[in-house]
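Undergrad: Structure incoming, see below.
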Amino acid sequence: MATTMERPAAGQAGTVAEHHLFIDGAWRAAGSGKTFEVRNPATGAVLARCADGGRDEVRQAIQAADAAFAGWSKTPALARAQLLSKAAALMNERVDELARILTQENGKPLSESVAETQVAAAFLQWNAEEARRIYGEVVPGAAADRRVLTIKQPVGVVAAITPWNFPTSMVTRKVGPALAAGCTIVFRPARATPLVAVAIFKIFEEAGFPKGVVNLITGTNSAEMGDEMATNPLVRKLTFTGSTEVGKELLAKCAGTVKRVSLELGGHAPFIVFEDADLEKAAQAVVTSRFRNAGQTCICTNRLYAQRSIAQQLAHKVAELTGKLKVGNGLEGDTQVGPLIDERGFKKVEEHVKDAVAKGGTVLAGGQPFLTPEGQNGTSGQNGLNGWFYQPTVIGNATPDMLVMHEETFGPVLPIMEFETEEEVIRMANDTPFGLAAYFFSRDVGRVFRVAEGLEYGIVGANDPLPTGPHIPFGGLKESGLGRENGSHGIDDFVEVKAISIGI
Ligand code: NAD
């Protein structure tokens, strides 16, 4: 039974729910009594208020998780799996409700929210199944009177920090493997999107996880909360998804107590289309990959490389498809592209487009802010929109010196650059400190293998714009991260291997 306290927030016109922190199996306010508001980025409406936890609350949650670890780590894997399956089933029962919350706080179209919620439930189910398969080994001994075996044990208390762009799937991608492995967890969602995390933690409570096993801290002071998680010696593992800049900072802090660290960081995905590709499919795939979540996806295509002989034709098709995308409030059924999360995100998009045009780029689609009928972003419109929207944009004649070609835009802008040869394009695609996802289209089977092997990226989509799922390892090379989530290796980062040598 969910016991979250919800009451109207003081001082609000109308009533909005107020959500608390979940620590040691109980919902409670922040010690300071402070709360912060959560707004819909498409309309500006206040959706709810959340408790503004800080260092003290993170510390209390870590202590609760540490106290719960002894019991949870000894709970049989099958029992842990049953609770995870139950939580997955509850999420599946409530897909529509959870998807609506997600669209309201993040802005993405409802269809994307439904898909994300289903995938998020599948992450829990996958990890429930993997929990039963955390096997050890028997190792041949070096002497006749020795037997050697290995066992896998949970690392201990896990701290998790996530961004706002996939607020639902990020919860289960981190909590799922941690709990499956026998770890306890303290989870901190992004400041902009805590509401769906609250709803999922109510599900965890309802599923019946013992107190202290899962803890949720919402709050605005990211640096303070992150510092406590990264330096508290009771935390044995930090798992972070977000920008490379913050990831590096946390990695350095974790060195002080030699924590295990998993990092899913920024990307700058190339998408290569060779002249032998199916151009219709390739064009559609580029548009799907670039404009999903208004381009605010870590594995979104950032730059398109088109082989010279088909470049004009491909650019035309891509621009045509892009120009038809419907921008608006994600709750409206036909919306395909929502708002940027905030003004900062919008300004970066604007800067990248202006820079590209100044350096000789040609606008083939979009190229401007998406104006509400009143003609202004960030102000209230008759159509109810009040957010930071930008037109889905395609820029031709791109060159490597443009910001959009080497910095993560995190918005709906696609630059197109031409190339001549396979060797040249692999070199250009790899010329970045990032290494998360890369895509290419070709019907030549030899090329498919050569290019897939040559791309220095953790995830490669060959004729596939969506190469992710619970069964597929997810993670980056170079400055895009450390470790892998999902797949059969996803739990490895949450366990330690212990060698036991027995004299007989
Ligand atoms: P961000 O790094 O600013 O924030 C991520 C999270 O860290 C948020 O919860 C934020 O509040 C928190 N945070 C911010 N500063 C912190 C600090 N000093 N200490 C501790 N925590 C801090 O990133 P963002 O703008 O929210 O998300 C976008 C970035 O995330 C992009 O770079 C994107 O590529 C990346 N991302 C990566 C993946 C992946 O799996 N590789 C997935 C999604 C997003």
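Undergrad: Taking all pairs of distinct Cα atoms, average 1/r, flip it, and tell me the Kirkwood hydrodynamic radius of segment 40-193 in Å to one decimal place.
TA: Every distinct Cα pair counted, the radius reaches 17.5 Å.
Undergrad: Further question on the same structure: I need the trypsin sites (Lys or Arg not before Pro) found in segment 99-149, filtered to DSSP loop residues with at most 15 other beta carbons within 10 Å of theirs.
TA: For trypsin sites (Lys or Arg not before Pro) across segment 99-149 that sit outside H, G, I, E and B with at most 15 neighbouring Cβ atoms in 10 Å, the list reads R132, R133.
Undergrad: Continuing with the same structure: Full extension from L234 to K281: what is 0.36 nm times the residue separation minus their Cα-Cα distance, to one decimal in nm?
TA: Computed gain between L234 and K281 is 11.9 nm.
Undergrad: So for the chain, what are the equivalent ellipsoid semi-axes in whole Å, largest first, each being the square root of 5 times an eigenvalue of the Cα gyration tensor?
TA: 38, 31, 18
Undergrad: Which whole-number percent gives the relative contact order of the chain, counting Cα pairs below 8 Å spaced six or more residues apart?
TA: 17
Undergrad: Farthest toward the dipole's positive end in the chain, which of G487, F410, A311, given Cβ charges of +1 (Lys, Arg) and -1 (Asp, Glu) about the Cα centre?
TA: Ranked along the dipole, the leading option is G487.
Undergrad: Also: Give the long-range amide H neighbours of Y305: residues separated by 5 or more places, or on another chain, with amide H under 5 Å away, using H modelled in the peptide plane at 1.01 Å from N.
TA: Correct list: F271, I272, V273, M417.
Undergrad: Could you check the simple spin-label distance between E93 and K347, using points 7 Å along Cα→Cβ, in nm with one decimal?
TA: Rounded to a tenth, the inter-label distance reads 4.6 nm.
Undergrad: Okay, moving on. Which residues' amide hydrogens lie under 5 Å from the amide hydrogen of G53, considering only partners 5 or more residues apart or on another chain, with H built in the peptide plane?
TA: Correct list: T218, G219, T220.
Undergrad: Can you give the Kirkwood hydrodynamic radius of segment 177-218 from its Cα pairs, in Å with one decimal?
TA: 10.8 Å is the Kirkwood radius here.
Undergrad: Can you check how the C-alpha radius of gyration of segment 269-479 compares to 2.2 N^0.38 Å, as a plain ratio?
TA: Its radius of gyration relative to the 2.2 N^0.38 Å reference: 1.00.
Undergrad: Would you please put 427-439, 406-418, 218-230, 460-472 in order of how densely packed they are, using the mean number of other Cβ atoms within 10 angstrom per residue and starting with the highest?
TA: Highest-to-lowest ranking by the protection proxy: 406-418, 427-439, 218-230, 460-472.
Undergrad: Let me ask you something else. Can you order the peptides 24-34, 350-360 by their average number of other Cβ atoms within 10 Å per residue, highest first?
TA: 350-360, 24-34
Undergrad: Taking 41 Å as R0, compute the FRET efficiency from the Cβ-Cβ separation of A26 and T288 and round it to 0.05.
TA: Computed FRET efficiency for A26 and T288 comes out at 0.40.
Undergrad: If you don't mind, another one. Under a 5 Å amide H to amide H cut-off, with H placed in plane at 1.01 Å, what residues pair with T362 once short-range neighbours are removed?
TA: G396, N397
Undergrad: Based on the alpha carbons, how large is the Rg to Rh ratio for segment 108-244 when Rh follows Kirkwood?
TA: 1.07
Undergrad: Please work out the Cα center distance from segment 407-480 to segment 132-182, rounded to the nearest Å.
TA: Taking the Cα centre of segment 132-182 as reference, the centre of segment 407-480 is 29 Å away.
Undergrad: Three principal axis extents, largest first, for the C-alpha atoms of segment 263-354, in Å?
TA: For segment 263-354, the Cα spread along each principal axis is 39, 34, 28 Å.
Undergrad: Largest first, please: the extent of the C-alpha atoms of segment 46-92 along each principal axis, to the nearest Å.
TA: 39, 30, 7
Undergrad: Say a paramagnetic label sat at a point 7 Å from the Cα of I504, along Cα to Cβ; which residues of segment 140-157 have their backbone N under 19 Å from it?
TA: Answer for this model: 140-151.
Every read-out reported here was derived from the displayed coordinates using simple, explicitly stated rules and does not represent laboratory data. This one's a predicted model, so the numbers in the text were calculated from it and none came from an experiment. Positions of Cβ are generated from backbone atoms using ideal geometry, with glycine treated the same way; all protein chains shown enter the neighbour counts.
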